[in-house]
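J.: Below is the structure I would like to discuss, written out as structure tokens.
A short reminder: the numbers here are calculations on the coordinates, not readings from a lab. Remember, it's a predicted structure, so these values are computed and weren't measured experimentally. Counting neighbours? That spans all protein chains shown, and the Cβs are built from the backbone with ideal geometry, glycine included.
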Amino acid sequence: QVQLVESGGRLVQAGGSLRLSCKLSGGTFSRHTMGWFRQAPGKEREFVAAITWSFSSTYYADSVKGRFTISRDNAKNTVYLQMNSLKPEDTAVYYCAQKWRTGPVWFADEYAYWGQGTQVTVSS
């Protein structure tokens, strides 16, 4: 059974940095695109970033481009999200997910497995 466990979320001041981690167990990590999504209170879940398994191509939402960096370590079954220059509007629960379908990386329905989420709160 595939399990994804996120960690690293906490309260941070605006302008600060955080690195989120997401470890997969019980499944195949290296052959799937991995993504990060987030959901703020009262809002829909939105795409943040994704990284493919081959050549590690990366994709970012416009709102985080230039501030966030996604990476993966296939040997550790772990995907990371380095978040710099954090803003209060980045406050959300952050979820990692494993993509199984062949559609666009920014569609949540393309992902079959999800973690439980980790809270990131950015104070102004």
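J.: What residues have an amide H closer than 5 Å to that of Tyr113, excluding those fewer than 5 places away on the same chain, when H is modeled at 1.01 Å from N in the peptide plane?
T.: Hits under the 5 Å cutoff: Gln98.
J.: Here is a follow-up. Compare the peptides 16-24, 82-90 by average per-residue count of other Cβ atoms within 10 angstrom and give them in order, highest first.
T.: Going from most to least packed, we get 16-24, 82-90.
J.: Given contacts defined as C-alpha pairs under 8 Å and at least six residues apart, what's the relative contact order of the chain, whole-number percent?
T.: This gives 35 percent for the chain.
J.: For segment 71-92 and segment 1-23, what is the centre-to-centre distance using only Cα atoms, to the nearest Å?
T.: Here the answer is 6 Å between Cα centres.
J.: If you place +1 on the Cβ of every Lys and Arg and -1 on the Cβ of every Asp and Glu, how big does the dipole about the Cα centre of the chain come out, in debye to the nearest 20?
T.: 260
J.: Give me the count of lysine pairs in the chain whose alpha carbons sit under 20 angstrom apart, restricted to pairs 8 or more positions apart or on different chains.
T.: 5
J.: Still on this structure: Excluding Ser21 itself, calculate the net charge of residues whose Cβ lies under 12 Å from the Cβ of Ser21, where each Lys or Arg counts +1 and each Asp or Glu counts -1.
T.: +2
J.: If you take every residue apart from Ala40 with its C-beta less than 15 Å away from the C-beta of Ala40, what net charge results, scoring Lys and Arg +1 and Asp and Glu -1?
T.: Net charge in that neighbourhood comes out at 0.
J.: Turning to a different aspect of this structure: Considering only the other residues whose Cβ falls under 14 Å of the Cβ of Ala61, what net charge follows from Lys and Arg at +1 and Asp and Glu at -1?
T.: Spelling it out: positives minus negatives among the neighbours equals +1.
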